[in-house]
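Enquirer: To start, I am sharing the structure in question, which I have written as structure tokens.
The values are calculated or read from the model by the stated rules, or taken from the named source; none is laboratory data. The shown structure was predicted, so the numbers you read here are calculated from the model rather than taken from an experiment. All Cβ positions, glycine included, derive from the backbone under ideal geometry; neighbour counts span all protein chains shown. Surface accessibility is based on the protein's heavy atoms, side chains included, excluding ligands, DNA and RNA. Shrake-Rupley method; radii C 1.70, N 1.55, O 1.52, S 1.80 Å.
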Amino acid sequence: MPLVSIIIPCYNAELFLYQTIESVFSQTFADYEIILIDDGSTDGTAEVIKSFGNKISAEFGLNRGASAARNRGTELAQGKFIQYLDADDLLEPDALETRVNALESSGADVAYSDWQKLEENETGEFLPGEVIARKIEDIHFDPQIALFTDFWAPPAALLYRREIVDAIGGWNESLPIIQDARFLLDAALVGGKFVYVSGVGANYRVHKNNSLSSRSPLGFVKDCFHNACQVEEFWKNHGGLTPNRCAALAKVYDYTARTLFMTEEKIFQENLRHLYQVDPGFGFTWPKIVGIMSILCSKQGATILLKLLRKAPVHL
């Protein structure tokens, strides 16, 4: 039976980590190892980890971020398959068994399952919410474009073959907020094949105010922009900027421009340059401009808008 390495990065996760590890112990698939990397926690996470004794392997280090912790866990992993698992998410009991079977029978590199949100309410309880059940090809026939634009699944819903993890070469530490989305995209960029496993295989906690994207919405958008720049460069060197790829890039650059316009003039101008390169015919419509003007609240914002109107074509 092939070994699965379950890698859990931990940072101040004492409230959820015990339940997360117990969801691993409840697996119908028995041949696994659990590797926990404590990323400089300052709460009781270390005590929770130590309470499991030799049932798990653990390292304790300075806070370097989730990607660095996952990279260290990958270095220690011995498994044929890699299951990354955030310290507050949960696996369904048959998650590993169904994903391993799917990878073994299909020869694919990544197995992905449906997943369910656990929504935090006003009293701090996490209650079952929306089930996300869709295939990559439902978004786009090209996995690279689907994963770059609108398809996302949490690490708990994904199982990677070790060979594709090695081909990726590590988690991208330059994207601290969207690093999980980028790692899945990287699997496609290096030619990985994907297999869909029906049924909910993971439960993903949605914190009201404590996710990276909610704590730093501007940081999230900047990550999206920098990711798009990196992907654009990769595509230029691997097959070129096809019409489909240009359309995907334009979609992302249009999205990031709307936030960067109000907050980051220098990055916004760079964003605009990339947008016009991949979509020379792009133009701001008057309804868009009116919407932008309605939320302007600073002299800086008005100045940026004037610069935009001087440079960008405007369509009625």
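Enquirer: Would you grab the residues whose amide H sits under 5 Å from the one on Ala202? Only those 5+ places off in sequence or on another chain, please, with H modelled 1.01 Å from N.
Expert: Glu92, Gln116
Enquirer: Moving on. Could you work out what % of the accessible surface of region 133-252 is carbon and sulfur, using a 1.4 angstrom probe and leaving DNA, RNA and ligands out of the count?
Expert: About 52 percent, which is the carbon plus sulfur part of the accessible surface.
Enquirer: Taking H placed 1.01 Å from N in the peptide plane, check which residues at least 5 places from Tyr32 or on another chain put their amide H under 5 Å from its amide H.
Expert: Val4
Enquirer: Applying 1/(1 + (r/R0)^6) with R0 = 22 Å to the Cβ-Cβ distance of Leu127 and Leu218, what FRET efficiency is obtained, to the nearest 0.05?
Expert: With a Förster radius of 22 Å, E is 0.15.
Enquirer: Note down the relative contact order for the chain as a percent, whole number, built from C-alpha pairs under 8 angstrom at least six residues apart.
Expert: Here the relative contact order equals 16 percent.
Enquirer: Quick one: which of Lys50/Lys222; Lys135/Lys266; Lys80/Lys135 span more than 27 angstrom between C-alpha atoms?
Expert: Lys50/Lys222; Lys135/Lys266, as the Cα separations exceed 27 Å there.
Enquirer: Write down the accessible area per residue of region 71-133 in Å², having rolled a 1.4 Å probe over the full set of protein chains.
Expert: 42
Enquirer: For Phe234, what accessible area in Å² do you get when you roll a 1.4 Å probe over the heavy atoms of the protein chains, rounding to the nearest 10?
Expert: My reading of the accessible area for Phe234 is about 50 Å².
Enquirer: Under a Cβ-only charge scheme (Lys and Arg +1, Asp and Glu -1), can you give me the dipole magnitude of the chain about the Cα centre, in debye to the nearest 20?
Expert: With Lys and Arg at +1 and Asp and Glu at -1, about 1520 debye.
Enquirer: In the chain, with Lys and Arg counted as +1 and Asp and Glu as -1 at Cβ, which of these residues, Asn172, Phe81, Cys10, has the Cα nearest the positive end of the dipole, that is, farthest along it?
Expert: Asn172
Enquirer: Mean separation of Cα pairs under 8 Å and 6+ residues apart, divided by the residue count of region 165-249: what relative contact order is that in percent?
Expert: Computed over region 165-249, the figure is 29 percent.
Enquirer: Starting from the Cα gyration tensor of the chain, multiply each eigenvalue by 5, take the square root, and state the resulting semi-axes largest first in whole Å.
Expert: Result for the chain: semi-axes of 38, 23, 17 Å.
Enquirer: As a test, work out the antiparallel percent of DSSP beta bridges whose residues both lie in the chain, rounded to the nearest 5.
Expert: The antiparallel proportion sits near 30 percent.
Enquirer: Viscosity 1.567 mPa s, temperature 4 °C: Stokes-Einstein D of region 61-158 from its Kirkwood Cα radius, in µm² per second?
Expert: Here the translational diffusion coefficient equals 83 µm²/s.
Enquirer: Moving on. Using only the alpha-carbon atoms, how far is helix 179-189 inclined from the longest principal axis of the chain? Give it as 0 to 90 degrees, nearest 10.
Expert: 90
Enquirer: While we're looking at this one, here's another question. Counting heavy atoms of the protein chains only and a 1.4 Å probe, report the per residue accessible area for region 1-50 as a whole number of Å².
Expert: That works out to 41 Å² for each residue.
Enquirer: Calculate, for region 169-246, the solvent-accessible area per residue in square angstrom, rolling a 1.4 angstrom probe over the heavy atoms of the protein chains.
Expert: Dividing the accessible area of region 169-246 by its residue count gives 44 Å².
Enquirer: Based on DSSP H runs of at least 4 residues, each adding -39500 (n - 2.57), what is the mean residue ellipticity at 222 nm of the chain after dividing by all its residues, to the nearest 500 deg cm²/dmol?
Expert: -14500 deg cm²/dmol
Enquirer: Nearest 10 degrees is fine. How inclined is helix 95-106 to the longest principal axis of the chain, computing both from alpha carbons?
Expert: 80
Enquirer: Starting from 0.36 nm per residue, how many nanometres of slack lie between Glu270 and Lys236 once their C-alpha separation is accounted for?
Expert: So the extension gain works out to 10.5 nm.
Enquirer: Which percent of Cα pairs goes in each bin when the distances of region 4-137 are cut into 10 angstrom slices starting at zero?
Expert: All Cα pairs considered, the percentages come to 11, 40, 36, 13, 1.
Enquirer: I would also like to ask the following. Angle, helix 286-295 long axis vs. longest principal axis of the chain, Cα atoms, 0 to 90°, nearest 10?
Expert: On a 0 to 90 degree scale, this one is about 70.
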